[in-house]
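Chemist: Dropping the structure in here first, questions after.
The values are calculated or read from the model by the stated rules, or taken from the named source; none is laboratory data. Just so you know, these numbers come straight off a predicted model, no measurement behind them. Glycine gets a Cβ as well: all are built from the backbone with ideal geometry, and neighbour counts include every protein chain shown.
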Amino acid sequence: MRLHTRLVALVSGLGVLLGTAGVTVGSAQETRIGGVTGHAAAGKKVYRRYCILCHGPDGDGNGENAQWIDPKPRDFTLGVFKCRSTPTGTLPTDEDLFNAMSRGFVTTNMPPWLPLSRQNRADVVAYIKSFSPKWKTTKAGTPITIPQEPALTIESIRHGRELYQKMECWKCHGAKGHGDGPSAATLTDNRDLPIRPYDFSTGSRFMCGVTNRDLYKIFMTGLDGTPMPSFADDIKPAEGWDLVHFLRTLQPLDTPELAMWRAWLATHAGELKPIGPAGPGQ
Amino acid sequence: MAKGSTRGAGSLRGSWLVSGVVTCACLMAALALSGRGSKAYTAYSLAVHKTKAIPAFARKYGLPCSACHTAWPELNAFGQAFRDRGYQLGNDRDSPIWQNPSYIPVTFRMTPNLHRESATKQAVDAVPGDGTSGLVSKTITQSGFDLSGMDLWTAGTLYKNISFVLLPSSDNTGAFHFEAAFVRFDNLFSNRWVNFKVGKFELDNLISEKRFLFLSGNGGAYQGYHFLPAGDVNDFGLGDNQIGAELSGHSENSYTRYGIALLSSTDGEVNLPTNQGYDAFLTLSHAVDVGSLGVERLGAYAYLGRRPTYFQTSVGTPIPGTGTGNKPFYRIGLAGDFFFGDFELLPFVMHASDDAYLATGTAANVALPPGARDARWNSGFVEAHYYVNPQLVFTGRWETVRMSQQADPTLPSDLGNIDAYSGGIRWYPIMFSRAGLSWHTEVSAVRTRGSAFSATDNVWTTSLFSGLDFDF
């Protein structure tokens with residue numbers, strides 16, 4: 001009797017232990033970001049405090065406030081993310097998600113969550129990854145290689161302008177980068193929701209960062225889930241930097257690119273043909 | 001045996017539970033009963049809400065209260081950064097032009113409540129209504145349903161990097177005053193370290209009395225923020241909003257912050273009631289990210305002020321605004337905000353000094369009483385919060401004020417010393433981005449050394465408070 005009850009207790013205890021372990025394994029999604037390990041269970045708590053009203057309890061972007069927000073909050077269940085260091089069509093790295101959350105998204109309701117501790121942010125990344133089954137079956141993509149930025153030259157800016165014409169960037173972003181190209185009004189995202197092209201003349205930051213490298217990444221990886229494609233197969237890596245240099249001249253910032261461009265325009269403006277359907281852009 | 005063990009484990013869990021409940025109950029009861037039998041009339045009125053939470057911002061940005069507040073109205077690191085940026089998220093959608101035209105950034109806050117106040121050793125007539133019957137010591141108690149004051153907040157951005165706050169605030173009779181009103185310019189010279197505001201505002205206290213989690217008559221103010229020794233005529237309170245200008249700055253995540261303020265020597269009163277003197281307030285704090293524990297902040301502050309000791313007179317009547325014979329005072333100290341996961345600890349220490357003229361209420365153009373000297377004291381508190389979740393928080397606080405030097409050397413060295421204890425629970429049954437509601441329950445007790453009858457008496461004042469704190 002005594003042995004029997006001990007056996008029952010032992011088996012019960014093991015059952016509880018295994019059950020608990022099973023639960024733990026099932027939900028223990030982790031991220032590694034720098035020296036920080038993020039845990040989905042802890043991330044859920046943080047998510048409920050900060051994110052749930054927009055992204056929703058199920059991560060599908062249907063939170064209480066989603067109806068009021070434009071553009072709509074990200075639907076994590078699709079496993080599609082705009083800002084990545086990885087090729088188009090692949091999952092982002094943990095760092096990509098971490099950086100996106102820290103940086104926020106300019107011209108949207110997504111604020112920079114930089115004041116949160118790194119642990120909190122890493123935990124949320126782990127939890128966000130639990131919303132889509134993609135993360136269980138697919139590995140994150142390998143970050144693209146970004147070549148060293150060449151020295152800024154007027155030739156680079158001019159070539160970038162040619163590419164802006166040739167790759168038909170103007171169709172969405174407009175001839176002056178105001179986001180008012182002929183296709184702008186027709187654009188939709190992967191949820192068939194209207195989406196506006198980036199307006200270079202008003203934004204002080206880009207959607208996925210502030211540096212030239214961030215801008216380079218945007219058109220070499222594309223913004224998945226939006227009409228912004230990847231140009232990795234269409235332009236050479238070095239040409240990407242030319243495009244970067246030209247796009248910098250469209251921003252309302254005192255950039256070296258803009259200063260050089262203005263100086264050149266002062267004496268060569270007449271040589272330019274307008275960007276648009278008729279012109280070669282140069 | 002197995003059953004026995006199981007039962008034993010259950011009993012053990014049960015006993016822990018019972019023990020925990022009993023301990024909590026005893027603690028609460030001890031605090032509550034410390035004023036048992038009291039009958040005192042007290043001056044506590046819950047007149048004005050001292051706390052700030054602005055669901056107008058939650059509505060503007062669609063964020064839950066918990067995004068900016070550990071438990072509203074206390075700010076968390078994200079809320080602090082939002083405030084430091086001039087009520088801007090920094091996503092190029094902060095200007096009013098991006099808001100729906102029907103959006104008006106207005107917030108109302110009030111707290112219908114039931115409370116009980118009590119004070120021991122109060123001086124009352126031996127025969128009620130007979131002023132000649134002599135004074136006797138009695139405990140006075142009052143209780144009943146009541147209202148708090150009301151805050152009518154408007155705050156927001158006027159343009160990118162230009163923000164405002166306007167806070168008409170009433171006592172519980174509906175008499176309004178301007179608790180805060182300022183315009184703020186952010187990122188001057190495109191630099192987040194250069195922000196400037198002018199108007200009436202809360203001092204940049206690391207531990208804000210305006211945003212804390214206590215509402216009762218005794219617990220609803222930090223003792224150290226308002227303490228003055230017996231006979232002192234200084235009107236300054238570290239927790240009082242002041243009128244002036246402030247230069248401030250912060251790092252990108254607001255982990256490092258500073259503030260330098262130049263303030264009128266009026267303790268926030270309008271119409272320049274005293275003189276043309278100015279005070280200064282300096283703060284500096286730095287926070288570090290310590291992983292899973294959270295973000296830990298430590299800061300220092302100094303308030304250097306002067307107050308007049310007498311006025312020009314006309315037929316013997318003081319002329320407002322003509323105060324002169326200014327004498328100095330200061331408050332300096334350290335404050336912290338430390339997280340251990342869901343547990344938050346807020347320590348605060350202060351050293352204070354008032355010039356002998358202020359401390360003895362002596363005009364500077366006459367001689368000080370014999371032996372008079374500067375009054376000096378130290379104060380401090382430790383406040384603790386445990387966040388069960390964003391909608392439930394337990395609070396506790398212990399405070400102390402200790403005189404280190406009486407202005408009048410004949411007074412007992414411990415006259416005026418204070419010990420205060422507060423504890424409470426705030427439960428937020430709903431938490432959306434449109435409004436807030438909290439069921440707030442609190443008990444608080446303050447022991448002050450010295451009564452009208454004896455300098456060695458301990459006077460206990462206690463508060464029991466339960467209210468519905470709503471914010472729309």
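Chemist: Can you name every residue in region B:249-260 that is surrounded by fewer than 21 Cβ atoms within 10 Å (Cβ to Cβ), more than 14 Å from chain A (Cβ to nearest Cβ) and either in contact (Cβ under 8 Å) with a residue 24 or more places away in the chain or among the hydroxyl-bearing types (S, T, Y) (or both)?
Modeler: Correct list: B:G249, B:Y258.
Chemist: OK, next. Do we have any residue at all in region B:359-373 that's within 20 Å of B:T462 (Cα to Cα), touching a Ser or Thr at 6+ places or on another chain (Cβ under 7 Å) and among the aliphatic types (A, V, I, L, M)?
Modeler: No, region B:359-373 contains no residue that is within 20 Å of B:T462 (Cα to Cα), touching a Ser or Thr at 6+ places or on another chain (Cβ under 7 Å) and among the aliphatic types (A, V, I, L, M).
Chemist: Now for a separate question. Among the residues of region B:287-303, which ones are of a type outside the set (V, I, T) and assigned to a loop (DSSP other than H, G, I, E, B)?
Modeler: B:G294 - this is the single residue of region B:287-303 that is of a type outside the set (V, I, T) and assigned to a loop (DSSP other than H, G, I, E, B).
Chemist: Counting only residues that are within 12 Å of chain B (Cβ to nearest Cβ) and touching a residue at least 24 places away in the same chain (Cβ under 8 Å), which one in region A:115-147 is surrounded by the fewest Cβ atoms within 10 Å (Cβ to Cβ)?
Modeler: A:R118
Chemist: Considering region B:163-182 alone, what residues qualify as being more than 15 Å from B:N241 (Cα to Cα) and surrounded by 15 or more Cβ atoms within 10 Å (Cβ to Cβ)?
Modeler: Result: B:S163, B:F164, B:D171, B:N172.
Chemist: Would you point out which residue out of A:G177, A:G104 is at positive phi, buried (at least 17 other Cβ atoms within 10 Å of the Cβ) and within 14 Å of another protein chain (Cβ to nearest Cβ)?
Modeler: A:G104
Chemist: Next up: Look through region A:45-60, keep the residues that are assigned to a loop (DSSP other than H, G, I, E, B) and surrounded by 20 or more Cβ atoms within 10 Å (Cβ to Cβ), and return whichever of them is nearest to the other protein chains (Cβ to nearest Cβ).
Modeler: Top of the filtered list is A:C51.
Chemist: Do we find a residue being aliphatic (A, V, I, L, M), touching a helix residue (DSSP H, G or I) at 6+ places or on another chain (Cβ under 7 Å), in a loop (DSSP other than H, G, I, E, B) and within 14 Å of chain A (Cβ to nearest Cβ) anywhere in region B:399-412? So that I can check it myself, show each step before the final result.
Modeler: Just the residues of region B:399-412 that are aliphatic (A, V, I, L, M), to begin with: B:401, B:403, B:407, B:411.
Narrowing further to those that are touching a helix residue (DSSP H, G or I) at 6+ places or on another chain (Cβ under 7 Å): B:401, B:407.
If we keep only those that are in a loop (DSSP other than H, G, I, E, B) too, we end up with B:407.
When the remaining residues are screened for being within 14 Å of chain A (Cβ to nearest Cβ), the result is none.
No: region B:399-412 contains no residue that is aliphatic (A, V, I, L, M), touching a helix residue (DSSP H, G or I) at 6+ places or on another chain (Cβ under 7 Å), in a loop (DSSP other than H, G, I, E, B) and within 14 Å of chain A (Cβ to nearest Cβ).
Chemist: For A:L91, indicate whether it is closer than 19 Å to A:T31 by Cα and of a type in the set (A, V, I, L, M).
Modeler: Values: closer than 19 Å to A:T31 by Cα: yes; of a type in the set (A, V, I, L, M): yes.
When the stated conditions are applied, A:L91 passes them.
Chemist: What pairs come out if I take residues in region B:287-299 that are more than 7 Å from every other protein chain (Cβ to nearest Cβ) and pair them with residues that are loosely packed, with under 15 Cβ neighbours inside 10 Å and aromatic (F, W, Y) whose C-beta lies under 7 Å away, six or more apart or interchain?
Modeler: These pairs meet every condition: B:L293/B:F340.
Chemist: A:V80 - would you say it is surrounded by fewer than 22 Cβ atoms within 10 Å (Cβ to Cβ) and either among the hydrophobic types (A, V, I, L, M, F, W, C) or within 20 Å of A:D60 (Cβ to Cβ) (or both)?
Modeler: Yes, satisfied.
Chemist: Let me ask another. Of all residues in region B:304-336, how many are assigned to a strand (DSSP E or B), under 15 Å from B:A364 (Cβ atoms) and polar (S, T, N, Q)?
Modeler: Qualifying residue count, region B:304-336: 4.
Chemist: Can you work out which of the residues in region B:265-286 that are buried (at least 21 other Cβ atoms within 10 Å of the Cβ), of a type outside the set (F, W, Y) and in a strand (DSSP E or B) is farthest from the other protein chains (Cβ to nearest Cβ)?
Modeler: So the residue we want is B:D279.
Chemist: Then there's this: Every residue in region B:448-469 that is in a strand (DSSP E or B) and either surrounded by fewer than 17 Cβ atoms within 10 Å (Cβ to Cβ) or of a type in the set (S, T, Y) (or both), please.
Modeler: Scanning region B:448-469 gives B:T448, B:N458, B:T461, B:T462, B:S463, B:S466, B:L468.
Chemist: Being within 14 Å of another protein chain (Cβ to nearest Cβ) and either modelled with pLDDT of 95 or more or assigned to a loop (DSSP other than H, G, I, E, B) (or both) narrows it down to one residue among A:P112, A:P150; which is it? Give the steps one after another, and end with the answer.
Modeler: Numbers: A:P150 fails: within 14 Å of another protein chain (Cβ to nearest Cβ).
Of A:P112, A:P150, the one residue that is within 14 Å of another protein chain (Cβ to nearest Cβ) and either modelled with pLDDT of 95 or more or assigned to a loop (DSSP other than H, G, I, E, B) (or both) is A:P112.
Chemist: Among (1) among the charged types (D, E, K, R); (2) in a loop (DSSP other than H, G, I, E, B); (3) touching a Phe, Trp or Tyr at 6+ places or on another chain (Cβ under 6 Å), which single condition is A:R161 missing?
Modeler: Just one mismatch for A:R161, condition (2).
Chemist: A further question on this structure: Hey, can you tell me all the residues within region A:137-175 that are within 19 Å of A:I218 (Cα to Cα) and among the basic types (K, R)?
Modeler: A:R161, A:K166, A:K171
Chemist: Specify the residue that is surrounded by the most Cβ atoms within 10 Å (Cβ to Cβ); the eligible residues are those in region B:401-439 that are touching a residue at least 60 places away in the same chain (Cβ under 8 Å) and polar (S, T, N, Q).
Modeler: Filtering region B:401-439 for residues that are touching a residue at least 60 places away in the same chain (Cβ under 8 Å) and polar (S, T, N, Q), the one surrounded by the most Cβ atoms within 10 Å (Cβ to Cβ) comes out as B:S438.
Chemist: Ok, one more. Based on what the data block shows, is B:G268 of a type outside the set (D, E, K, R) and in contact (Cβ under 8 Å) with a residue 60 or more places away in the chain?
Modeler: It is true that B:G268 is of a type outside the set (D, E, K, R) and in contact (Cβ under 8 Å) with a residue 60 or more places away in the chain.
Chemist: Also: Looking at (1) away from chain A (no Cβ under 14 Å); (2) touching a strand residue (DSSP E or B) at 6+ places or on another chain (Cβ under 9 Å); (3) modelled with pLDDT under 95, find the lone condition where B:V315 falls short.
Modeler: Going through the list (1) away from chain A (no Cβ under 14 Å); (2) touching a strand residue (DSSP E or B) at 6+ places or on another chain (Cβ under 9 Å); (3) modelled with pLDDT under 95, B:V315 breaks only (2).
Chemist: Working only within region B:61-81, note down all residues that are facing another protein chain (nearest Cβ under 8 Å) and either over 19 Å from the mean Cα position of the chain (by Cα) or of a type in the set (A, V, I, L, M, F, W, C) (or both).
Modeler: B:Y61, B:G62, B:L63, B:P64, B:S66, B:A67, B:A77, B:F78, B:A81
Chemist: Taking only region B:82-91 into account, find how many residues are in a loop (DSSP other than H, G, I, E, B), in contact (Cβ under 8 Å) with a residue 24 or more places away in the chain and either within 11 Å of another protein chain (Cβ to nearest Cβ) or hydroxyl-bearing (S, T, Y) (or both).
Modeler: The number of residues fulfilling the criteria is 4.
Chemist: For region A:32-52: of the residues being touching a strand residue (DSSP E or B) at 6+ places or on another chain (Cβ under 9 Å) and closer than 24 Å to B:L75 by Cβ, which is modelled with the highest pLDDT?
Modeler: At the first step, the residues of region A:32-52 found to be touching a strand residue (DSSP E or B) at 6+ places or on another chain (Cβ under 9 Å) are A:32, A:37-40, A:43, A:45, A:48-49.
From what is left, the residues that are closer than 24 Å to B:L75 by Cβ are A:43, A:45, A:48-49.
Working: A:G43: 96, A:K45: 93, A:R48: 93, A:R49: 92.
Per the stated criteria, the residue is A:G43.
Chemist: Can you name the condition, by its number, that A:T77 falls short on among (1) within 14 Å of chain B (Cβ to nearest Cβ); (2) over 28 Å from B:V288 (Cα atoms)?
Modeler: (1)
Chemist: Can I ask one more? For residues that are surrounded by fewer than 17 Cβ atoms within 10 Å (Cβ to Cβ) and either touching a strand residue (DSSP E or B) at 6+ places or on another chain (Cβ under 9 Å) or not basic (K, R) (or both), tally how many sit in region A:236-254. Step through it out loud before you land on a result.
Modeler: Within region A:236-254, the subset surrounded by fewer than 17 Cβ atoms within 10 Å (Cβ to Cβ) is A:236-238, A:252-254.
If we keep only those that are either touching a strand residue (DSSP E or B) at 6+ places or on another chain (Cβ under 9 Å) or not basic (K, R) (or both) too, we end up with A:237-238, A:252-254.
Result for region A:236-254: 5.
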